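> Here it is, the structure in full.
The values are calculated or read from the model by the stated rules, or taken from the named source; none is laboratory data. Quick caveat, the model's predicted, so the values are computed rather than measured. Cβ sites come from the backbone with ideal geometry, for glycine too, and all protein chains shown count toward neighbours.
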């Protein structure tokens, strides 16, 4: 059987998430070997008895071939940690989902994505701000990511579609279960100009507990998150928290101090989020003003081993060019030329005083051509 079936199988086992599956793969080497491991072996490496019981039950009850056929019939693509097309941005968060289900298509240009999220009970001001920002983002070649919820999310998706751009919706249900139901038509449009994405198996209902974990995927797929309008307890703030943990930039649209639906976004700004007055604030902060040129340079000048060695030393914290030279044992001129090319590709950014940071953390995993 194709190993994809075992990935799908594990994804249906309660109690085996990213950390435990990673431990199983480290020990057994392949997902097939982990799936077929004896209970005594699983216990020996530290898997708890309940998870072992759930895995044993799944192996007996789950028809993996039938599940794969069900996915194929539904037009769903399955991407795993082993898939070369697994999104680069998402792969490099702390706990990327081992399996994601996709209806539609994730494209290489989705590496340049920004999330636009906010309250379900959006004001006219919030909706207009979301519409304008999403429109301007796609006009600059940026994919809009959101959660398909009512309110700000739906406005952002629709604006991206209307502007002829790409948009990705991350669901808190299976990709075959559209929630809210009134977004069925919107979801169908997104499939044509982007993708529906979920870590949950087909048929999963939109339970309340599913949404906080899905928010880490919204931020994980994105280079930054814009909170347009959010109350003090809005789920959009959870997405912002995940973004900060993942080293992604957090932006917020200022709102009225008298409007409760703006309290969360205003608080983010008070706590250090970048206020957004126009899309230019986002493009400049994320180094997205030259997307087409960056994509062209990447295509014709693949990343080399020398560039990779420099990238691996960069992070969100500024590193001086001299320190990079000492760490790589490269001449200063070679380090400088390498950094210049990385800047052209949009992978590194100078922040003053010959100090450099990663333009986006996930690009450490950019493949050598």
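> Here is a list of conditions, (1) farther than 21 Å from residue 355 by Cβ; (2) in a helix (DSSP H, G or I); (3) at pLDDT 85 or above, and residue 298 meets all of them except one; can you say which number that is?
Single failed check for residue 298: (3).
> Look through region 21-40, keep the residues that are out of contact with any helix residue (DSSP H, G or I) (no Cβ under 7 Å at 6 or more places or on another chain) and more than 22 Å from residue 80 (Cβ to Cβ), and return whichever of them is surrounded by the fewest Cβ atoms within 10 Å (Cβ to Cβ).
40
> Kindly list the number of the only condition in (1) outside any helix (DSSP H, G or I); (2) without any contact (Cβ under 8 Å) to a residue 40 or more places away in the chain; (3) over 18 Å from the mean Cα position of the chain (by Cα) that fails for residue 202.
Failed condition: (2).
> Select from region 159-185 the residues that are in a helix (DSSP H, G or I), surrounded by fewer than 19 Cβ atoms within 10 Å (Cβ to Cβ) and in contact (Cβ under 8 Å) with a residue 12 or more places away in the chain and list them in ascending order.
Within region 159-185, 162, 182 meet the criteria.
> Okay, moving on. If only one of 65, 70, 50, 59 is in a helix (DSSP H, G or I), surrounded by fewer than 18 Cβ atoms within 10 Å (Cβ to Cβ), more than 27 Å from the chain's Cα centre (by Cα) and touching a residue at least 60 places away in the same chain (Cβ under 8 Å), which one is it?
On the way: 70 fails: more than 27 Å from the chain's Cα centre (by Cα); 50 fails: touching a residue at least 60 places away in the same chain (Cβ under 8 Å); 59 fails: touching a residue at least 60 places away in the same chain (Cβ under 8 Å).
That would be 65, the only listed residue that is in a helix (DSSP H, G or I), surrounded by fewer than 18 Cβ atoms within 10 Å (Cβ to Cβ), more than 27 Å from the chain's Cα centre (by Cα) and touching a residue at least 60 places away in the same chain (Cβ under 8 Å).
> Continuing with this model, one more query. Exactly one condition in (1) surrounded by fewer than 19 Cβ atoms within 10 Å (Cβ to Cβ); (2) in contact with a strand residue (DSSP E or B) (Cβ under 9 Å, 6 or more places away or on another chain); (3) modelled with pLDDT of 90 or more is false for residue 256; which is it?
(2)
> Let me ask you something else. Could you grab me the full set of residues in region 326-341 that are assigned to a helix (DSSP H, G or I) and either farther than 10 Å from residue 307 by Cα or at pLDDT 85 or above (or both)? Give the steps one after another, and end with the answer.
Initially, region 326-341 is screened for residues assigned to a helix (DSSP H, G or I), giving 326-328, 332-341.
326, 327, 328, 332, 333, 334, 335, 336, 337, 338, 339, 340 - these are the residues of region 326-341 that are assigned to a helix (DSSP H, G or I) and either farther than 10 Å from residue 307 by Cα or at pLDDT 85 or above (or both).
> Could you look through region 84-106, keep only residues that are out of contact with any helix residue (DSSP H, G or I) (no Cβ under 8 Å at 6 or more places or on another chain) and at pLDDT below 95, and pick out the one that is surrounded by the fewest Cβ atoms within 10 Å (Cβ to Cβ)?
It comes out as 84.
> Exactly one condition in (1) assigned by TED's automatic domain parsing to the domain that holds residue 128; (2) at pLDDT below 95 is not met by residue 275; state its number.
(2)
> Something else: Do we find that residue 90 is under 24 Å from residue 286 (Cβ atoms) and either in a loop (DSSP other than H, G, I, E, B) or not assigned by TED's automatic domain parsing to the domain that holds residue 192 (or both) in this structure?
Yes.
> Follow-up question, since we're still on this one. Output the number of the condition that residue 15 fails; it satisfies all remaining conditions of (1) in a helix (DSSP H, G or I); (2) modelled with pLDDT under 95; (3) closer than 17 Å to residue 97 by Cβ.
Among (1) in a helix (DSSP H, G or I); (2) modelled with pLDDT under 95; (3) closer than 17 Å to residue 97 by Cβ, the lone unmet condition for residue 15 is (1).
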